[in-house]
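Notes for the one structure printed next.
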């Protein structure tokens, strides 16, 4: 059997919109990235389904989804842009007034199974779990992570079989859709009830019986049975609301997904910030490298005629970390024309330009952000408004990580990053880090600004895959985020005091004594992580107290390889 993939575009776009904190471009990029990931593996057909105007469920219950705030215009403009992009790339898009994407997916799934095709449904919507069979799987999508749900996974997650999910949802209700189930019946009780009955008729009969007459769990408790009987009209309405309509006519026809998609046209990339005025590029931190030798002539036309050879000058991406008191902030604050995003307030004693996150005339001058969104807004302003700054410093990335965790927790409605379980919170945080780096990259594209990140170091046990574990300095962040940042940067420098071992006599134990020098290490050792893509940069650079940035600036000339 061949494979068909069906994408719940409304679900993917909503998740990315929430994760992006209502940023249209980040949501646009994130949604397209999810579609690209879902369609990996050369499926024989891909159908994209989207909500449309109206909803037949509203006619049954005007309160259906009534608690949801209306999405802002920016969301719909973003979604329309995604649909136009996917349509231009040849994807089949299904939407029909009066129906949700769930109904279109149910209808397309029925068509696919009639043709004996396997189906993968990409969505974060739990309602679609009722479609799962041995040949139909749900790929639950971010904001958390990609998880493949077959029958066994549905049972593990819900406590019931996929064909029983419909009854489970009707009994327990669905707060996200404002569907009222049976009062006092939660997920656990609903699953116990569903597993003891053969369907709705059997449920209503057994709900009237005294407890103890049902197998397995000893029957429906009399209090629950009474609640079921008293709330039967509400439960039956819920059953209609959570049901999926698998008979929606598809236009274009289902078979159109098997047509070969036309090559994607080269559409212009959307402007990240959608501002008409762009700042003039800042002066580069270093002059461009010497021109490379002219390449051999090639045939005119095509991209081969524009092949780039030699090194390419790129803006600075540096991370400086080390123990407290080593002058990390002082080093980056001495860069020419620098502006600092002071996340934790470490620059208060330095003469440096700081971005004002709030009213500078207030009691709180607002030079420290309170939310991750304030950080994004600052980067956006630097990218869209004229200014004379050449370097953006962020001090520190470990303080910024705390804001990112708070951002994720708020989006997921949990108290702590670990409340999502099994490391999923840290995975969700990586998506937010990726968004931050996308902002910084677009800032560099528009202004040529260098980026200098500052971080604290801590001594942690290093898991050595080729021998015994050992202690070393590591960035004071979660391992996944730390690796993500270090990979992005062209320079990772470990800054520390220089110590020498001194012995007063041959028999006396050696003691460490500081030389007073501060050394920036740019090559990895067993004691710390460091790297440099700049040719000719020494493994150790002594920092001049009178001109800290000037100590490393000569080695930043040329391009990062």
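Label positions at residue 260 and residue 305, each projected 7 Å from the Cα along the C-beta direction, are separated by 2.7 nm. Could you give me the percent of Cα pairs per 5 Å distance bin for region 317-491, shortest bin first, beginning at zero and ending with the bin that holds the maximum distance? Pairs per bin, as whole percents: 1, 8, 16, 19, 20, 16, 10, 5, 2, 1, 0, 0.
Could you work out the per residue convex hull volume over the alpha carbons of region 147-195, in cubic angstrom?
75
Using Cα-Cα distances under 8 Å and only pairs 6 or more residues apart, what relative contact order does region 317-491 have, in percent? After rounding, I find 30 percent. Using the Cβ-Cβ distance between residue 157 and residue 547 with R0 = 60 Å, the FRET efficiency computed as 1/(1 + (r/R0)^6) comes to roughly 0.50. Subtracting the Cα-Cα distance of residue 523 and residue 37 from their residue separation scaled by 0.36 nm leaves 171.5 nm.
Mind giving me the FRET efficiency for residue 89 and residue 515? R0 is 45 Å, r the Cβ-Cβ distance, nearest 0.05 is fine. About 0.15, to the nearest 0.05. Remark: C-alpha extents of region 424-486 on the principal axes read 47, 27, 21 Å, sorted largest to smallest.
For region 313-394, the alpha carbon convex hull comes to 125 Å³ per residue, rounded to a whole number. Sort out for me the Cα centre separation of region 231-248 from region 146-206, rounded to whole Å. So the two Cα centres are separated by 13 Å.
Beta bridges assigned by DSSP with both partners in region 377-531 are antiparallel in approximately 75 percent of cases.
In terms of other Cβ atoms within 10 Å, 311, 31 run from fewest to most in the order 311, 31.
With contacts taken as Cα pairs under 8 Å and at least 6 residues apart, region 129-204 reaches a relative contact order of 22 percent. Per-residue Cβ neighbour counts within 10 Å put 453, 131 in the sequence 131, 453, beginning with the fewest. Neighbour counts of other Cβ atoms within 10 Å put 468, 401, 374, 445 in the fewest-to-most order 468, 445, 374, 401.
Readers should treat all values here as calculations from the given coordinates under stated rules, not as data from a laboratory. This is a predicted model, so every value here is computed, not measured. No Cβ is skipped: glycine too gets one built from the backbone with ideal geometry, and neighbour counts run over all protein chains shown.
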